Amino acid sequence: MIFDPMEMKMLGKIVTKLAALAMTAGILLSGAAHAEDAINLYNWSNYIPPDLLKKFEKDTGIKVHLDVYDSNETLLAKIKAGAAGYDVIVPTDYMIKIMIDEKLLTRFEAGKLANFKNVMPPLDKPSFDAKREYSAPYMWGVTGFTYDSARVPGGKLEDSWQSFFEPPAALKGRVAALNDANDIFSAASLYLGIDQCTEDPKAGQRILNVLEKQKPFLATYNSNGTIERMQAGEVIMHHQWNGSAFRTREKLKTAVFVIPREGVPFWNDNFAIPVGAKNPEGARKFIDWMMAPENIAIASNFTGYNNAIRGADQFMNAALRADPGVNPGDEMRKRFRPNQICSLKAMELRNRIWTRH
């Protein structure tokens, strides 16, 4: 058959369009396939071992892409601003309640997942998500402070928040605090004997005064790099989570972790699925897989924190199980103060103080 040149030109355009459509369809299909075999995890920095994510991929065929943040407030702000594409996030207990109330989390019935049977009390029915409809436990711990005994006057500090908020003059500019409103506010509240959910502006002013008085002693507010900062000797004392303190002591043998006698914030971090997740089914598989004892134990061995999964201890490092900062005895556990779910008025007061200080 002989074609007219104009017909040939038209045919060429049709072929080009068909090819473009086919390519677009291929890209869309490829994207769909990618969504099915990958999840996006938004987690605290340095809080899950890369080898564990590779193990999950090997076991399930699902890849994990990791992005990190440094505080619950950063996480909340990003999710509220409409950040899309995250399938699993890791909020702390009180933040779970806030995100549920603001309808930012997907109800995925964690309590009905196959491995949830391994979760031990009290984290099987926590106050912030009693039926475990929106979350599953990850790590738990306490927030105290660590100091280098080789560099403090007399080689020892009192087991009190006073040592952190009103340190010796020799530590001026050599102390670091976490960049976390909840941990800072809770510590100051415990130090002063004030309800961490206070709504009283006068009590709030007392807390603000303590934070302002401490400022000249601080080198930084930073929740990232606490381990490396202490090990490198950049600071002498660091407001620190107990798991980070355990890892600090692996290289800095003179580091001492303190659980102050006034009490310490007891917290747990949780897996959750944000509204708008691209691969919620992959997220459910990941969360269920993480509640298997041998898997969560790998995470504990890396992070230096304990977990709530029955049977995980048999897979955990002996040094971790024996560490009094990670597994405190009964007397020290009496100093644990669970994070409370505060009223909106209390949270507004806390945020004003955090912003002003």
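Can you name the number of the only condition in (1) out of contact with any Phe, Trp or Tyr (no Cβ under 7 Å at 6 or more places or on another chain); (2) in contact (Cβ under 8 Å) with a residue 24 or more places away in the chain; (3) in a loop (DSSP other than H, G, I, E, B) that Asn115 fails?
Every condition holds for Asn115 apart from (3).
Confirm whether Pro293 is out of contact with any Leu (no Cβ under 9 Å at 6 or more places or on another chain) and touching a residue at least 12 places away in the same chain (Cβ under 8 Å). Show your work before the answer.
Details: out of contact with any Leu (no Cβ under 9 Å at 6 or more places or on another chain): yes; touching a residue at least 12 places away in the same chain (Cβ under 8 Å): yes.
It is true that Pro293 is out of contact with any Leu (no Cβ under 9 Å at 6 or more places or on another chain) and touching a residue at least 12 places away in the same chain (Cβ under 8 Å).
Quick one: in segment 51-88, of everything that is assigned to a strand (DSSP E or B) and among the charged types (D, E, K, R), which residue is nearest to Gly282 (Cα to Cα)? Write out each step before concluding.
Kept after step one, since they are assigned to a strand (DSSP E or B), are these residues of segment 51-88: 63-69, 88.
This time we only want the ones that are among the charged types (D, E, K, R), so: 63, 67.
Working: Lys63: 9, Asp67: 17 Å.
Among them, the one singled out is Lys63.
Checking Arg229 against (1) surrounded by fewer than 20 Cβ atoms within 10 Å (Cβ to Cβ); (2) assigned to a loop (DSSP other than H, G, I, E, B); (3) in contact with a strand residue (DSSP E or B) (Cβ under 9 Å, 6 or more places away or on another chain), only one condition comes out false. Which one?
(2)
Specify which of the listed residues (Ala255, Ala292) is among the aliphatic types (A, V, I, L, M), touching a helix residue (DSSP H, G or I) at 6+ places or on another chain (Cβ under 6 Å) and over 26 Å from Pro121 (Cα atoms).
Ala255
Could you tell me which of the residues Ile39, Ile48 is of a type in the set (A, V, I, L, M, F, W, C) and either in a strand (DSSP E or B) or open to solvent by 60 Å² or more (accessible area, probe 1.4 Å) (or both)? Steps first, answer last, please.
Numbers: Ile48 fails: either in a strand (DSSP E or B) or open to solvent by 60 Å² or more (accessible area, probe 1.4 Å) (or both).
After ruling out the rest, the residue left standing is Ile39.
Could you look through segment 280-297, keep only residues that are closer than 16 Å to Leu105 by Cβ and within 18 Å of the chain's Cα centre (by Cα), and pick out the one that is surrounded by the fewest Cβ atoms within 10 Å (Cβ to Cβ)?
Phe286
Residues Leu157, Leu211, Leu190: which one is under 21 Å from Arg337 (Cβ atoms), open to solvent by 30 Å² or more (accessible area, probe 1.4 Å), in contact (Cβ under 8 Å) with a residue 24 or more places away in the chain and not aromatic (Phe, Trp, Tyr)? Even if it seems obvious, please write down each step before you answer.
Values: Leu157 fails: open to solvent by 30 Å² or more (accessible area, probe 1.4 Å); Leu211 fails: open to solvent by 30 Å² or more (accessible area, probe 1.4 Å).
On inspection, the qualifying residue turns out to be Leu190.
So which of Asn242, Asn224 is crowded, with 18+ Cβ neighbours inside 10 Å and under 24 Å from the mean Cα position of the chain (by Cα)? Please lay out each step first, then the result.
Details: Asn224 fails: crowded, with 18+ Cβ neighbours inside 10 Å.
Every option except Asn242 fails the conditions.
This table checks each residue for (1) assigned to a helix (DSSP H, G or I); (2) hydrophobic (A, V, I, L, M, F, W, C); (3) modelled with pLDDT under 95.
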site	(1), (2), (3)
Asn268	no, no, no
Phe271	no, yes, no
Gly282	yes, no, no
Phe286	yes, yes, no
Ala299	yes, yes, no
Glu331	yes, no, yes
Cys342	no, yes, yes
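Would you please name the residue that is farthest from Ile236 (Cα to Cα), looking only at residues in segment 160-187 that are open to solvent by 10 Å² or more (accessible area, probe 1.4 Å) and of a type in the set (A, V, I, L, M)?
Ala169
The values are calculated or read from the model by the stated rules, or taken from the named source; none is laboratory data. Note that the structure is predicted; figures quoted are calculated from it, not measured. Note that we place each Cβ from the backbone using ideal geometry, even for glycine, and neighbour counts take in every protein chain shown. Heavy atoms of the whole protein, side chains included, go into the accessibility calculation; ligands, DNA and RNA do not. Shrake-Rupley method; radii C 1.70, N 1.55, O 1.52, S 1.80 Å.
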